[in-house]
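Before any comments, here is the structure.
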Amino acid sequence: MTSLYSAAARRTDSRPAVVPPVRPSGGSWPTVRLVRHLLPYWRRLLTAGLAAAGSELAAAALMATASWLITRAAQQPPLASVSLAIVAVRALALGRGALRYGDRLLGHDGVLRAVAGFRTRVYEALVPLAPAGTPAFRSGDLLTRLVDDVDAAQDLLLRILLPTAAAAAVCVAATATASMLLPEAGLVLGVLLFVAVLLVPTTVLAVARRTGRAQAALRAELAAHVVDLSEGAADLAAYGAQGRAAARARLAAARIARLERRRALTTSLASAVLMLFQGAALVAVVWSALGSHADGELPAVHLTVLAVLSLVAFEALAPLPAAAFRLAEVRARAGRLADLFDTPAPVVEPAAAVALVVDGPVGVHIRDLTVRHRTCDAPALDGLSLHLPAGQRTVLLGASGSGKSTLISALMRFVDYEGGSIEVAGRELRDCAGHEVRRVITGMTQDAHVFHATIRANLLLARPDAGDTELRDAARRARILEWIESLPDGFDTCLGPDGTEPSGGQRTRLLLARALLADPPVLVLDEPTEGLDPDAAADVLADILDATRNRTTLLVTHEREGLTGADQVVTIERGRVRAGAAGEGRAAGAPVDR
Amino acid sequence: MKPVERRLMRELPVLRRHVGRSAGLAFLAAVLVVVQVTLLAGVLADAFAGHPVAFAAPAALGGVVALRALLGWARDVLAQRAAADTKHALRGRLTDRLGPAAPSTPAARRHGETATLLTRGLDALDPYVTGALPTMAAAGVVPLTVVVWLFVTDWSSALIVVVTLPLIPVFGALVGMHTARRTARQWRLLARLGGHFLDVVAGLPTLRAFGREDYQARRVGEMADAHRRATMRTLRVAFLSSFVLETVATLSVALVAVPVGLRLLGGSLDLRTALVVLFLTPEAYLPLRAMGAAFHESSEGVTVAEQVFTILDEGEGEGGAGGAGERPASPDVRTVPVSLHDVCVTYPGRAVPALDGVSLQVQPGEHIALVGPSGAGKSTLLALLLGFVEPSAGRVTVGGTDLAGLDADDWRARLAWVPQRPHLFAASVADNIRLGRPDASDAEVRQAARDAYADHFVEALPQGYDTLLGEHGAGLSAGQRQRLALARAFLKDAPVLLLDEPTAHLDPESEAAVTRATVRLMRGRTAIVVAHRTSLLPYADRVVTVRGGRLETVADPRPATVGSERTQAAADGRPQTRANSSLRAPRLLPPEGALTS
């Protein structure tokens, strides 16, 4: 199911805008929008809410019934008239623990189901944005934060909405009971509860917002100093500047501590205010009940029950300050998620896609291609024309920022182009469905990911139906088969933090094997040697060119060693192919000027 | 209390004070509760007996509640301040641990963890300091106070409380012991399932590239569901302890209330006493019940404290980067050679030494290129000269004096280092160039930038030399960053240069500019350059191959006399004209004017 927001946003999206300026704070009421995402699970959540309310009600009822029992017993009636209360007290006492247990299990189960569904929705919202539509894919930290933000849904339900629902149930029940016993006491209690419920969270949110901004700024400052201290440790030591940098970090830490100490004065107010309200309610309820009792309108038994009701009703509100603090934090996370759902896809899929059928070797004609990452930016590709001949290997050289990776993204339909054309097998790419384009043009992107899974699963991703022979063949051509077979578990070795961590070169070769296994008509390889030392880079490049013989290949790199096997070497500069360099053909021996 | 908690108490006086204060405040709060309960019971009993109740009684009640509110506020403020002070103290100690470390050593890997702890990680201590510790202190004080008052009021009810109260910790411990192992096993599975979503999202571009995004959408749901089922299995066990605590506590209320009611029926108890007992009994159990939840929430904080101490302990032996100030200053490296005598370096936890019996003598003014495959030990050799790693065998000497005996800061003041990926600090461009000489004037900074061919792009930045560089110097290309690092080295004007492939991974234009700046910097200085397959190779007097931690070939293509001439020139401090070297490799460089574009 696609999100309402992204669908709406896509309709209004105009073609040239790839990443529009993101509105701050996720629009209004981001928390409400988050709740709306969770609404499909209302049945389970309602059950969880009822269980939470039931368990809190049982606790309140236990105290109220016990106080009724004791006051009634003091009137020394026959045993039979209090026996029901005795049974009720015992049952509530026994049942309260069980109810609480069930409430917590039901609550967690319902919430986790809702969160599971929400994760799928976030994933679906992210699909059209990967990789060019959101900065998250360019920064590991942003990505981690995004995934962390998704758990805001869990916090919202488990720590905010369920406790609030339970508190509300107790408040309503207490007020209703009090009103039945003595209307004016019920009114006083209800009004005070209502004011407290409104006032305490509002104050907490205001305080949190005020101090939150200052705190976020100080934290960012500390984080910057810490990054400098840790990642620049060697530079600092070599230049004798470590003491100064450490002093700056200490200063930032001291300022955070000062702010937190000052903040404590206000953040601790909420619980105290709640207790003041409790005291006011107790005094007011008891005083009005005393008056009625003196007038003979209120039985003495009800007097005690009213006093107890005013106490337990406010005790049920105790989790509210913590929930309100949590809400302030959830708001920020929900805002970022709302922004994500609002982000339009960088590529507009054609309303009626033409089929892209490729049979045999195929070339790619790129003419006057213009791509802008943002409407206001200078074009990343500025009238680039290039022909990738069928069955030939083209190497694209260029400085960082020259537009090499943008070209690959445009070819794979990860970014849209505002001018020019890309033609494959007589079709304009823009008129074809993105997933069909990527069946024809794919390979190794710059952000290619090694999944936390077995080597086999990582490779099969490219072609799920590949057999063992094909798998081994791809690995052999990427010159990684030997390493894989040297591992105790071979292809079933799990990669990742708790498995085997491949070295930079091995990782590159695994990704290459995956791209070769995919076996697309047009193979693109974006900076496959990024992060390798020059020797290894030259070896890998030579191996790649060897493995892609007779295949339409576009290899983007800035290395100039190991390219002797290329059919065509083209240099890209400021979004265009360097004049006179396009189609210069194979320069035998030394294709690149060094 | 776990050992790590005891250690926190031992090492942080602020926490000891905090626990003491919490206990005191909890006692005061318990006394106020007793007063409140007694007052309320009095009012209700008086009204029940038909006595007129003056407003003074409810007003006193309100006053007591207000006092409790004030006390609660003070307790929270003090607790949050204790948390702020605790984090501040630990941040200070962790900051000391962020010294230089050779790449790929455990210490370097610890850096990321330390950085996370310093920023967000330590916040996990908040629930521990503001929640668990005060609750623990209250659990030691409040039940005792309440029980004493119950004994004074009605000993038979007090007896019931005294008998059932210990059941809570006993049952809690029993259930805890039973569940601990099962949950520990589950947590690992949970962590793995929980990581799946991040893994898939991080790999989304790859999934799209191979048309697998729809298949994975189903997997996301399936894995989240598996995560839920595993979580629920854990929670069913984990919540058992709270079930037991809750049941014991509420059951005790019934155990007290029902006999009290029956005694009231028989007339052997007055209502006032009965109400005091009823209101006070739950208060005895409250802190013990709260302890379960507080422990649950603070477990993360305890884990963080463990991490902190692991890092602090690991750094204990390293002695910090500064070195002792007592050590002698180093000899003048412009006149004496730097030598490695049979040096071995073995990183902890590695079987194979990074350097294995390396001997090398570097004459003043000499330019040595280190070549060899990655991982051969070239960077370790530079780290050795920088004093970031110490030889596990052999010696590094400066004019015959052991480097280990020299003042590290004084020695490093004679070095300028340009790493492969220089770090740009969150400061202005000018301050980044000033790294080694914070008091340098603006004119000197500009001159250094000019020398490094960095002036043109710096002036093109929005605020010129005042432009703030964000995290990792965002917005600058690798070549520009490299030139800023060279400007740093120019400004520092140190006699010895250590350059780690300054031109690797650069595009041709940047490489030409960086090469030209580097060559200019090398003039008149001793230079050791890791220069494998880069354009700097032709400028070396000697090329040394490092392979497998050993020096393979030491080739000096020049006649011996040239070396001594250069030495003399360096000793005079006059800049050398390297006519011969510019003859040897000029074809790689564009004409000087081409670089300034």
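The values are calculated or read from the model by the stated rules, or taken from the named source; none is laboratory data. Bear in mind the structure is a predicted one, so any value in this text is a computation, not a measurement. In this analysis, Cβ positions are derived from the backbone assuming ideal geometry, glycine residues included, and neighbour counts consider all displayed protein chains.
I'd like the residue in region A:142-177 that is at the interface with another protein chain (Cβ under 9 Å from one of its Cβ atoms) and farther than 30 Å from A:Leu198 by Cα and, out of all such residues, is surrounded by the most Cβ atoms within 10 Å (Cβ to Cβ).
A:Leu146
When region A:62-113 is examined, which residues are found to be more than 7 Å from chain B (Cβ to nearest Cβ), touching a residue at least 60 places away in the same chain (Cβ under 8 Å) and closer than 29 Å to B:Leu40 by Cα?
Of everything in region A:62-113, those that are more than 7 Å from chain B (Cβ to nearest Cβ), touching a residue at least 60 places away in the same chain (Cβ under 8 Å) and closer than 29 Å to B:Leu40 by Cα turn out to be A:Met63, A:Ala64, A:Trp68, A:Arg72, A:Gln75.
Could you say whether any residue in region A:51-63 is surrounded by fewer than 17 Cβ atoms within 10 Å (Cβ to Cβ) and either at pLDDT below 85 or assigned by TED's automatic domain parsing to the domain that holds A:Val330 (or both)?
Scanning region A:51-63 turns up no residue that is surrounded by fewer than 17 Cβ atoms within 10 Å (Cβ to Cβ) and either at pLDDT below 85 or assigned by TED's automatic domain parsing to the domain that holds A:Val330 (or both).
So which pairs qualify, if the first residue must be in region B:124-152 and free of Cβ contacts under 8 Å to residues at least 60 places away in the same chain, the second must be assigned to a helix (DSSP H, G or I) and of a type in the set (S, T, N, Q), the Cβ gap must be under 8 Å, and the two must be at least 6 apart or on different chains?
What qualifies is B:Thr130/B:Gln80.
Only helices (runs of 4 or more DSSP H) wholly contained in region B:489-597 count here; list those with 3 or more residues that are modelled with pLDDT under 50. It would help to see each step written out before you state the result.
On the way: elements: B:508-522, B:560-572, B:579-584, B:592-595.
Ranges flagged: B:560-572, B:579-584, B:592-595.
Name the residues in region A:356-368 that are out of contact with any helix residue (DSSP H, G or I) (no Cβ under 7 Å at 6 or more places or on another chain) and assigned to a loop (DSSP other than H, G, I, E, B), would you?
Matches in region A:356-368: A:Val357, A:Asp359, A:Gly360, A:Pro361, A:Val362, A:Gly363.
Might you check whether a residue that is within 30 Å of A:Val227 (Cα to Cα), out of contact with any Pro (no Cβ under 9 Å at 6 or more places or on another chain) and at pLDDT 90 or above occurs anywhere in region B:108-115?
No, region B:108-115 has no match at all.
Which one is surrounded by the most Cβ atoms within 10 Å (Cβ to Cβ) among residues in region B:207-254 that are more than 7 Å from chain A (Cβ to nearest Cβ) and charged (D, E, K, R)?
B:Arg219
Could you check region A:344-389 and list, in sequence order, the residues that are within 22 Å of A:Ala433 (Cα to Cα) and small (Gly, Ala, Ser)?
A:Ala345, A:Ala351, A:Ala352, A:Ala353, A:Ala355, A:Gly360, A:Gly363
How do the pairs read when you match residues in region B:435-452 that are more than 14 Å from chain A (Cβ to nearest Cβ) with residues anywhere that are outside any helix (DSSP H, G or I) and crowded, with 16+ Cβ neighbours inside 10 Å, using Cβ under 8 Å and keeping only pairs 6 or more apart or on different chains?
B:Glu444/B:Arg437
Condition first: of a type in the set (Lys, Arg), in contact (Cβ under 8 Å) with a residue 40 or more places away in the chain and assigned to a helix (DSSP H, G or I). Can you find one or more residues in region B:181-189 that meet it? Full working, then the answer.
Within region B:181-189, the first condition is being of a type in the set (Lys, Arg), and the residues that meet it are B:181-182, B:185, B:188.
Those still in the list that are in contact (Cβ under 8 Å) with a residue 40 or more places away in the chain too: B:182.
When the remaining residues are screened for being assigned to a helix (DSSP H, G or I), the result is B:182.
Yes, region B:181-189 has at least one match.
I'd like to verify a number: residues in region A:544-584 that are among the hydrophobic types (A, V, I, L, M, F, W, C), farther than 27 Å from A:Gly360 by Cβ and at pLDDT below 85, how many?
Counting residues in region A:544-584 that are among the hydrophobic types (A, V, I, L, M, F, W, C), farther than 27 Å from A:Gly360 by Cβ and at pLDDT below 85 gives 2.
Scan region B:51-75 for residues that are part of a helix (DSSP H, G or I), more than 38 Å from the chain's Cα centre (by Cα) and either within 7 Å of chain A (Cβ to nearest Cβ) or more than 30 Å from B:Ala132 (Cβ to Cβ) (or both) and report the count. I'd like the intermediate steps shown before the answer.
Of region B:51-75, the ones part of a helix (DSSP H, G or I) are B:56-75.
This time we only want the ones that are more than 38 Å from the chain's Cα centre (by Cα), so: B:56-68.
From what is left, the residues that are either within 7 Å of chain A (Cβ to nearest Cβ) or more than 30 Å from B:Ala132 (Cβ to Cβ) (or both) are B:56-63, B:65-66, B:68.
Within region B:51-75, residues that are part of a helix (DSSP H, G or I), more than 38 Å from the chain's Cα centre (by Cα) and either within 7 Å of chain A (Cβ to nearest Cβ) or more than 30 Å from B:Ala132 (Cβ to Cβ) (or both) number 11.
So which residues in region A:261-288 are over 21 Å from A:Val200 (Cβ atoms) and not polar (S, T, N, Q)?
A:Arg261, A:Val286, A:Trp287
Return the residues of region A:515-568 that are within 13 Å of chain B (Cβ to nearest Cβ), in a strand (DSSP E or B) and not hydroxyl-bearing (Ser, Thr, Tyr); say none if nothing qualifies.
Correct list: A:Val522, A:Leu523, A:Val524, A:Leu525, A:Asp526, A:Val556.
Between A:Gly443, A:Gly398, which is more than 26 Å from B:Gln480 (Cα to Cα), crowded, with 21+ Cβ neighbours inside 10 Å and within 14 Å of chain B (Cβ to nearest Cβ)?
The conditions single out A:Gly443.
Could you give every pair whose Cβ atoms fall below 9 Å, whose first residue belongs to region A:418-432 and is within 17 Å of A:Thr442 (Cβ to Cβ), and whose second residue is surrounded by 17 or more Cβ atoms within 10 Å (Cβ to Cβ) and of a type in the set (Phe, Trp, Tyr), counting only separations of at least 6 or pairs across chains?
Going by the 9 Å Cβ cut-off, the qualifying pairs are A:Leu429/A:Tyr417.
I'd like to check which helices (runs of 4 or more DSSP H) are fully inside region B:376-469 and have at least 1 residues that are over 17 Å from A:Gly240 (Cα atoms).
Filter on region B:376-469 gives B:378-386, B:429-433, B:442-451, B:455-460.
I'd like to verify a number: residues in region B:10-30 that are of a type outside the set (D, E, K, R) and loosely packed, with under 15 Cβ neighbours inside 10 Å, how many?
Count: 3.
What number of residues within region A:405-440 are within 14 Å of A:His373 (Cβ to Cβ), crowded, with 19+ Cβ neighbours inside 10 Å and of a type outside the set (A, V, I, L, M, F, W, C)?
5
State all residues of region A:127-136 that are in a helix (DSSP H, G or I) and either buried (at least 23 other Cβ atoms within 10 Å of the Cβ) or more than 7 Å from every other protein chain (Cβ to nearest Cβ) (or both); if no residue qualifies, say none.
Correct list: A:Pro128, A:Leu129, A:Pro135, A:Ala136.
Give A:Ala281, A:Ala245 a once-over and let me know the one that is at pLDDT below 90, in contact with a Phe, Trp or Tyr (Cβ under 8 Å, 6 or more places away or on another chain), more than 7 Å from chain B (Cβ to nearest Cβ) and crowded, with 22+ Cβ neighbours inside 10 Å.
Exactly one residue qualifies, and that residue is A:Ala245.
Test B:Val277 against the stated conditions and say whether it is in contact with an Asp or Glu (Cβ under 6 Å, 6 or more places away or on another chain) and among the hydrophobic types (A, V, I, L, M, F, W, C).
Considered against the rule, which asks whether it is in contact with an Asp or Glu (Cβ under 6 Å, 6 or more places away or on another chain) and among the hydrophobic types (A, V, I, L, M, F, W, C), B:Val277 comes out as yes.
Looking only at region B:264-276, which residues are assigned to a helix (DSSP H, G or I), in contact (Cβ under 8 Å) with a residue 24 or more places away in the chain, of a type outside the set (Val, Ile, Thr) and more than 7 Å from every other protein chain (Cβ to nearest Cβ)?
B:Arg272
If I filter region A:132-151 for residues that are more than 15 Å from the chain's Cα centre (by Cα) and either free of Cβ contacts under 8 Å to residues at least 60 places away in the same chain or in the same structural domain as A:Ala316 (by TED's automatic domain parsing) (or both), do I get at least one hit?
Residues of region A:132-151 that are more than 15 Å from the chain's Cα centre (by Cα), as a first pass: A:132.
Of the ones still in play, those that are also either free of Cβ contacts under 8 Å to residues at least 60 places away in the same chain or in the same structural domain as A:Ala316 (by TED's automatic domain parsing) (or both) are A:132.
Yes: region A:132-151 contains one or more residues that are more than 15 Å from the chain's Cα centre (by Cα) and either free of Cβ contacts under 8 Å to residues at least 60 places away in the same chain or in the same structural domain as A:Ala316 (by TED's automatic domain parsing) (or both).
Here is a list: A:Asp382, A:Asp377. Which entry is of a type in the set (Asp, Glu) and either without any contact (Cβ under 8 Å) to a residue 24 or more places away in the chain or not assigned by TED's automatic domain parsing to the domain that holds A:Val569 (or both)?
Just a single option satisfies the conditions, and that option is A:Asp377.
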